[in-house]
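Below is one structure, written out as structure tokens, with a few remarks after it.
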Amino acid sequence: MIENISQLPPWTFALIGLAYGLMVGSFANVCISRLPKKESIIFPASNCPHCNKPIHAADNIPLISYILLKGKCRNCKQKISLIYPVIELVTGLLMAAVFYRFGFSWQCLIFAIVVPALVIITVIDIEHQIIPDVITLPGIVFGLAAGSYLNGWLDSVIGLALGGGMFWLLAEGYLRLRGKIGMGGGDIKYIAAAGALMGWVQVLFIIFIGALAGGLFGGIGMGVKKLNFLSRIPFGPFLALATLISIFFGEPIVDWYLNLVTQQPL
């Protein structure tokens, strides 16, 4: 049975991943709404943000229900934010990519857990400028367990210490120099978890890509006069984006760079 599943064509896994991702995306919406308020993500059942009436199961089908109801609550007829189906769709597409890329494997299972968490972190950090401990602290434990399988326990531990240590030093240095917090604890815990999962080489890659993406965003924002040097920009979304790039393309990019460097004449 397992051999038959593993021999299915990649597009079949992609469809399975899409369906799984849409369902997980619906749950991600609950987490995004409730975790910042420290509410239970289990009880009560999903309800309308306007009238607070429970949403019937038939009206809670990812994407389809939103389309059939024309983006409105069945009870109060108030418009439901477009962000809900967008998160479901984005999560579904990312899961399709994970299932297509990794197929029937432990890697697929690991990243099928990690990627939805990245979506949740991104949206919460954009809206509230926090990365909840309820995600990052278990993420460190999960990262050590999964990273030990993917890269070996030593690489995982070094990745955790290197990522978390670098960010802690940056945060502490900024605080002592400027007298105010420049980097939140959530970012430190996040990069520690990412380092544990991906290993020390990839955590350096994630930090570099995250800083590059954040710098470009800040530069563009200042260019169009929407931001200034004192603007607070959440770093979590850029780290999450960099982690996604690392998951799908990190190894070939790092290998390409190392080959390029080692082949340069002295």
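The values are calculated or read from the model by the stated rules, or taken from the named source; none is laboratory data. All values reported here derive from a predicted model rather than from experimental measurement. Virtual Cβ from ideal backbone geometry, glycine too; neighbours counted across all protein chains shown. Only protein heavy atoms, including side chains, enter the accessible area calculation; ligands, DNA and RNA are left aside. Shrake-Rupley method; radii C 1.70, N 1.55, O 1.52, S 1.80 Å.
Taking the alpha-carbon distance from K77 and a cut-off under 19 Å, which lysines remain once sequence neighbours fewer than 8 residues away in the same chain are dropped?
Within reach: K53.
Mind checking the alpha-carbon convex hull of region 1-140 and giving the volume per residue in Å³?
Values: hull volume 17.7 nm³, N = 140.
Each residue corresponds to 127 Å³ of Cα convex hull volume.
Given H placed 1.01 Å from N in the peptide plane, which residues other than close sequence neighbours of N47 have an amide H under 5 Å from its amide H?
Excluding prolines and chain starts, which carry no amide H, the hits are I55.
Counting only residues 5 or more places away or on other chains, whose amide H sits under 5 Å from the amide H of K72 once H atoms are built in the peptide plane?
The answer is I80.
When Lys and Arg each count +1 and Asp and Glu each count -1, what net charge do the other residues less than 15 Å away from Y190, Cβ to Cβ, add up to? Can you show the working numbers first?
Numbers: positive: K189; negative: D125, D133, D187.
Summing Lys/Arg as +1 and Asp/Glu as -1 gives -2.
In vacuo Debye scattering of region 87-237, one point per C-alpha: log10 I(q)/I(0) at q = 0.09, 0.11 Å⁻¹?
So the normalised log intensities are -0.31, -0.46.
Distance in nm between label sites at R176 and L216, each 7 Å beyond Cα in the beta-carbon direction?
Distance between the two pseudo-spin positions: 3.4 nm.
Given a Förster distance of 45 angstrom, what is the FRET efficiency for A161 paired with K77, based on the Cβ-Cβ distance and rounded to 0.05? All intermediate terms of the calculation are to be shown ahead of the outcome.
Working: r = 54 Å, r/R0 = 1.20.
Calculated transfer efficiency: 0.25.
Go from 0 up to the bin containing the longest alpha carbon distance in region 98-159, width 10 Å each, and give me the % of pairs per bin.
The calculated distribution, bin by bin, is 21, 42, 32, 5.
For L227 and I113 in one chain, what is 0.36 nm times their gap in residues minus the Cα-Cα distance, to one decimal in nm? Before the final figure, lay out the partial values.
Numbers: separation 114, 0.36 × 114 = 41.04 nm, distance 3.42 nm.
That works out to 37.6 nm of additional length.
So what is the relative contact order for region 154-262, in percent, with contacts set as C-alpha pairs under 8 Å and at least six apart?
Values: 113 pairs, mean separation 30.9, N = 109.
Here the relative contact order equals 28 percent.
Quick check: net charge around T136, other residues with Cβ under 12 Å of its Cβ, Lys/Arg +1 and Asp/Glu -1?
-2
Span-like helices, the chain: DSSP H, alpha-carbon axial extent 30 Å or more, mean Kyte-Doolittle 0.0 or greater, which ones? Could the numbers behind the result be given before it?
Details: long enough: 10-34 (35 Å, 1.16); 106-128 (33 Å, 1.89); 153-178 (37 Å, 0.83); 200-223 (34 Å, 1.85).
Span-like helices in the chain: 10-34, 106-128, 153-178, 200-223.
Ignoring ligands, DNA and RNA, what percent of the 1.4 Å accessible area of region 192-266 is carbon and sulfur? Show your work: numbers first, answer last.
Numbers: 3270 of 4530 Å².
Roughly 72 percent of what the probe reaches on region 192-266 is carbon or sulfur.
Could you grab the relative contact order for the chain? Cα pairs under 8 Å, six or more apart, rounded to a whole percent.
Details: 346 pairs, mean separation 46.9, N = 266.
This gives 18 percent for the chain.
Could you identify which residue out of I209, I191, I87 has the top mean-square fluctuation in a GNM of the chain using Cα springs shorter than 10 Å?
Per the Cα network of the chain with a 10 Å cutoff, I209 tops the list.
Please list, in chain and number order, the residues 5+ apart from L227 or on another chain whose amide H is under 5 Å from its amide H, with Hs placed from the backbone.
It is M222, by chain and number.
For the chain, restrict the atom set to alpha-carbon positions and state the Rg and Dmax in Å.
20.3, 72
Beyond 30 Å between alpha-carbons counts as too far, so tell me which of K37/K72; K79/K225; K72/K189; K180/K225 fall in that bin. Before the final figure, lay out each step's value.
Working: K37/K72 24 Å; K79/K225 32 Å; K72/K189 38 Å; K180/K225 24 Å.
Distance filter (> 30 Å) returns K79/K225; K72/K189.
Counting heavy atoms of the protein chains only and a 1.4 Å probe, report the per residue accessible area for region 163-229 as a whole number of Å². Working shown, then result.
Details: 3750 Å² over 67 residues.
Heavy-atom accessible area per residue stands at 56 Å².
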